[in-house]
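Got a structure for you, written out below as structure tokens; questions coming shortly.
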Protein chains: 2
Amino acid sequence: MVAQLEYIQRTQSQVQTENDVLTFTFDQLLLQRGGRLGPVTVAYETWGELNTTGDNAILITHALTGTSHAHDAADPENPRAAWWNPLIGPGKYFDTSRYFVICANVIGSCAGSTGPSSKNPLTDRPYGMRFPVITIRDMVRAQHKLIKHLGVRRLAMVAGGSIGGQQALEWAVTYPHLIEKVAVIAASAAVSAQAIAFNEVARQSIMADPAWLCGDYLPGQGPASGLSIARMLAMITYQSEESMEMRFSRNQVQREPVTAPTFAPELGGRFDVENYLYYQGDKLAQRFDANSYLYISRAMDLYDVSEGYASLEEALGRIRSQILFVGISSDFLFPASHVRRLADKVQMVGGDARYVELNSPHGHDAFLKEWNQLTAALRQF
Amino acid sequence: MVAQLEYIQRTQSQVQTENDVLTFTFDQLLLQRGGRLGPVTVAYETWGELNTTGDNAILITHALTGTSHAHDAADPENPRAAWWNPLIGPGKYFDTSRYFVICANVIGSCAGSTGPSSKNPLTDRPYGMRFPVITIRDMVRAQHKLIKHLGVRRLAMVAGGSIGGQQALEWAVTYPHLIEKVAVIAASAAVSAQAIAFNEVARQSIMADPAWLCGDYLPGQGPASGLSIARMLAMITYQSEESMEMRFSRNQVQREPVTAPTFAPELGGRFDVENYLYYQGDKLAQRFDANSYLYISRAMDLYDVSEGYASLEEALGRIRSQILFVGISSDFLFPASHVRRLADKVQMVGGDARYVELNSPHGHDAFLKEWNQLTAALRQF
């Protein structure tokens with residue numbers, strides 16, 4: 001819905017937000033797949049106040065191309081002003097009048113935290129592809145350093161969707177005694193071969209763009225068409241056959257045509273769905289770093305909650321939090337059946353897990369659209 | 001299964017086939033979307049003999065990247081020697097000892113029929129993107145000229161899957177009195193927004209390759225990496241989450257790594273599914289023309305059986321043949337529900353339609369794999 005509204009209203013002026021992004025820098029992080037990264041900066045935002053006992057904090061974890069801007073205190077009622085705005089704020093589910101809500105940009109990203117576009121201290125130039133392989137666990141360990149820095153002694157909750165859900169799950173397994181409740185939304189123990197395949201097509205599109213230059217493009221001169229194509233594909237996987245049919249069907253484009261990523265001769269006209277995908281591709285290419293896309297999508301592929309444990313059961317058996325799994329009926333990137341299976345597994349090893357399914361045609365993106373169902377699901381806690 | 005076998009056995013020598021491809025050339029074809037194409041050559045193969053009354057002919061129609069080589073008379077028991085070999089031959093369902101079986105390369109393609117890589121008579125150079133927009137109906141009208149040329153007075157059957165199924169349906173509507181039976185496999189009245197979207201991402205990948213040169217590449221110097229990426233994506237849509245999981249799961253590559261379409265740093269190893277997609281991409285790029293991919297995938301998008309009629313019902317009401325619709329339970333490119341709905345529509349307007357569903361995990365590709373189920377379904381005729 002957010003993306004659709006943006007598409008429809010794109011001629012309106014961009015929403016201006018007061019964006020108080022803070023940063024925390026620490027020396028280094030030893031990485032799960034080997035090597036170290038340092039110094040590491042984590043960009044974050046917070047809303048509400050930490051109490052004196054340091055136990056009213058909630059950590060919100062974001063998805064692939066997300067940022068720390070989960071909530072907009074200056075424009076709290078505008079669902080487009082921040083990516084989880086309808087869930088966060090005074091009186092909302094994540095109640096900033098009671099909780100200290102934190103959202104940090106993941107490492108590997110490009111919205112303030114250290115990533116491939118950051119300066120490599122060894123060369124004084126952007127890391128590019130010399131950035132090390134990072135994992136979901138590395139992202140979570142950097143977030144852990146941040147919350148300690150902020151004086152948080154115990155997290156009331158960790159919640160996120162998609163790779164934000166992978167992070168929430170990883171929190172539950174890595175820091176079991178630190179967290180009261182965890183909400184894992186539209187994420188599973190490890191993605192399927194199909195999801196890896198889609199991600200790899202997207203990465204190949206980026207790397208096939210001659211402007212990629214093996215990752216050594218200059219700021220603002222990155223592989224825009226490759227990244228646009230990657231995003232076009234990703235946008236299909238975030239929706240569903242049904243939702244795309246509802247929105248676009250086979251309609252010819254009615255609105256002003258958007259520039260396609262490449263010279264695209266109009267072979268028998270342009271379908272509205274194509275115009276929409278061009279728009280979404282271009283929008284991401286303007287705001288996101290292509291190398292970050294490679295690294296974070298790879299972290300999504302590589303994530304397997306059982307890594308480093310003798311078995312999946314051993315990993316899940318570590319969980320001490322109440323844990324809510326939310327599947328989405330029409331999600332084909334993280335199928336609901338996989339999410340349900342994971343919830344069952346946690347229960348089987350003695351965890352306090354429950355499963356709720358959002359009945360939505362909106363596919364994976366429902367975790368950014370179905371506000372009422374999502375709030376109702378979270379209230380099961 | 002065919003693709004999987006090829007992948008596994010790719011170190012074995014290529015199967016050599018006796019390929020008696022014939023051609024038929026006619027002056028010109030007036031095109032559905034305007035303009036004309038000419039001269040037009042149609043490459044085709046036939047098996048069996050036409051009877052004296054000219055009514056024992058069967059036309060087999062092929063999919064996007066297919067050729068006329070549906071059967072291999074020299075190697076009839078090898079499922080890899082021709083794309084529908086297990087269905088065609090003496091004693092097979094399409095019995096070449098009783099029927100005169102014809103398969104023609106579609107116009108727009110690159111396996112002998114006139115397409116973008118053919119010489120434009122006006123310039124004496126390949127058409128490239130000066131090739132006109134062609135539709136499924138244009139393909140069918142070219143096939144109609146061919147069968148008249150061959151002396152066929154009546155078709156005992158037209159059968160095909162995917163865009164071959166679109167062609168079969170178009171035959172039933174355009175030439176209702178010429179055909180006894182029609183089998184439409186894994187195809188519907190018109191593809192969905194999602195299928196158009198996947199196709200457009202594939203096309204953008206091709207056109208983003210600098211070697212594409214707006215379609216004016218020289219033979220053998222086409223956009224191989226772009227076409228490989230397009231094929232990688234298409235291969236995902238031809239399978240299913242379940243079948244990819246069965247075949248690849250999250251296994252790391254075991255076999256010799258295949259060269260990726262682009263310089264691909266191994267971020268945390270290579271998954272077997274990635275290696276498989278590189279292999280499939282490269283294989284198509286070596287045998288198929290990129291501009292043909294653009295035109296034929298577009299014909300798939302543009303196809304709407306109701307085009308030129310007052311309604312879908314009017315179009316379907318023209319059908320006089322017995323018509324069998326075959327859906328595939330796990331197909332997400334042409335969902336079984338769409339195929340079933342089409343069969344219902346034909347029945348509603350008085351047609352002799354039936355519907356059979358292949359229960360298969362293999363996705364869209366099941367029409368090239370589920371030989372026993374497919375034969376059983378066709379025997380319902």
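Just so it is clear, none of the values below were taken in a lab; they were calculated from the coordinates. Source: prediction; values computed, not measured. Because the Cβ atoms are built from the backbone with ideal geometry, glycine has one as well, and the counts that use them run over all protein chains shown.
In whole Hz, what ³J(HN,Hα) sequence does segment B:28-36 give by Karplus (6.51, -1.76, 1.60; θ = phi - 60°), x for Gly and Pro?
6, 10, 6, 9, 4, 8, x, x, 9
Summarise the partner chain shielding of B:237-244 as one whole number: the mean count of Cβ atoms from other chains within 10 Å of each residue's Cβ. Display every interim value, and only then the final one.
Values: counts 3, 0, 3, 2, 10, 4, 2, 6.
Average per residue, whole number: 4.
Please tell me the relative contact order of segment A:195-295 in percent, rounded to the nearest whole number, where contacts are Cα pairs under 8 Å and at least six residues apart.
Working: 113 pairs, mean separation 32.6, N = 101.
Here the relative contact order equals 32 percent.
Can you tell me how the protein assembly as shown classifies by the Cα gyration tensor, rounded, prolate or oblate, using a/c under 1.5 as the rounded cut?
Prolate.
Further question: Give me a single rounded figure for A:296-306: the average over its residues of other chain Cβ atoms within 10 Å of their Cβ.
Values: counts 0, 1, 5, 2, 0, 7, 5, 0, 1, 0, 0.
If you average over the peptide's residues, the count of other-chain Cβ atoms is 2.
Using the beta-carbon distance between B:Y309 and B:R130 and R0 = 25 Å, what value does 1/(1 + (r/R0)^6) give for FRET efficiency, to the nearest 0.05? Please report the intermediate quantities before stating the final value.
Working: r = 30 Å, r/R0 = 1.21.
Taking R0 as 25 Å, the efficiency between B:Y309 and B:R130 is 0.25.
Okay, moving on. Two decimals is fine: what is log10 I(q)/I(0) at q = 0.22 Å⁻¹ for segment A:65-163, from a Debye sum with one equal scatterer on every Cα and no solvent?
Treating every Cα as an identical point scatterer, log10 I(q)/I(0) equals -1.20.
Would you mind putting A:29-36, B:249-256, A:55-62 in packing order, based on average other-beta-carbon counts within 10 Å, highest first?
On the way: A:29-36: 14.6, B:249-256: 12.5, A:55-62: 24.9.
Peptide ranking by packing, descending: A:55-62, A:29-36, B:249-256.
In whole Hz, what ³J(HN,Hα) sequence does segment A:67-74 give by Karplus (6.51, -1.76, 1.60; θ = phi - 60°), x for Gly and Pro?
For segment A:67-74, the Karplus curve yields 9, 6, 7, 7, 9, 10, 5, 7 Hz.
What ranking, highest mean first, results for peptides B:366-372, A:135-141 when packing means the other Cβ atoms within 10 Å averaged over each residue? Provide the component values of the computation, followed by the final result.
On the way: B:366-372: 21.7, A:135-141: 25.0.
Answer by packing, highest mean first, reads A:135-141, B:366-372.
Now for a different question. Semi-axes of chain A's equivalent ellipsoid from the Cα gyration tensor, sqrt of 5 times each eigenvalue, largest first, rounded to whole Å?
That gives 31, 25, 21 Å for the three semi-axes.
Same structure, new question: Can you work out ³J(HN,Hα) from phi for every residue in segment B:79-93, in order, using Karplus 6.51 cos²θ - 1.76 cosθ + 1.60 and θ = phi - 60°, giving whole Hz and x for Gly and Pro?
x, 8, 6, 7, 6, 10, 3, x, 9, 10, x, x, x, 7, 4
Further question on the same structure: For the ranges B:124-133, A:321-330, what's the packing order if you count other beta-carbon atoms within 10 Å of each residue, average per peptide, and put the highest first? Provide the component values of the computation, followed by the final result.
On the way: B:124-133: 17.2, A:321-330: 24.2.
Highest mean packing first, the order is A:321-330, B:124-133.
If you count, for every residue in A:269-275, the Cβ atoms of partner chains within 10 Å of its Cβ, what is the mean? Display every interim value, and only then the final one.
On the way: counts 5, 1, 7, 2, 8, 9, 1.
Rounded to a whole number, the mean comes out at 5.
For n ≥ 4 DSSP H runs only, could you compute -39500 (n - 2.57) per run for the protein assembly as shown, divide by its residues and tell me the 222 nm figure to the nearest 500? Present the calculation step by step, with values, prior to reporting the outcome.
Numbers: 22 runs with 254 residues, N = 762.
Value at 222 nm, helices only, nearest 500: -10000 deg cm²/dmol.
Label-point separation (nm) for A:M246 and A:E77, each offset 7 Å from Cα along Cα-to-Cβ?
Label-label distance for A:M246 and A:E77, simple model: 2.5 nm.
Ok, one more. How long is the gain from B:S97 to B:L30 if the chain were fully straight, where each residue apart is worth 0.36 nm and the alpha carbon distance is subtracted? It would help to have the intermediate numbers written out before the result.
Numbers: separation 67, 0.36 × 67 = 24.12 nm, distance 3.61 nm.
Extra length from B:S97 to B:L30 when fully extended: 20.5 nm.
Skipping prolines and chain starts, which residues have an amide H placed within reach, meaning under 5 Å, of the one on A:N120, given they are 5 or more residues away or on another chain?
Here the answer is A:R125, A:Y127, since their amide H atoms fall under 5 Å of that of A:N120.
Collect residues whose amide H, placed 1.01 Å from N in the peptide plane, falls under 5 Å from the amide H of B:T96; neighbours closer than 5 in sequence don't count.
B:G89, B:G91
Shifting gears a bit: Can you pull the one-decimal nm distance between simple spin-label points at B:T52 and A:T375, each 7 Å off the Cα toward Cβ?
8.3
Under 20 °C and 1.002 mPa s, how fast does segment B:201-295 diffuse according to Stokes-Einstein, given a Kirkwood radius computed over C-alpha pairs? Answer in µm²/s, whole number.
Numbers: Rh = 13.9 Å.
Rounded to a whole number, D works out at 154 µm²/s.
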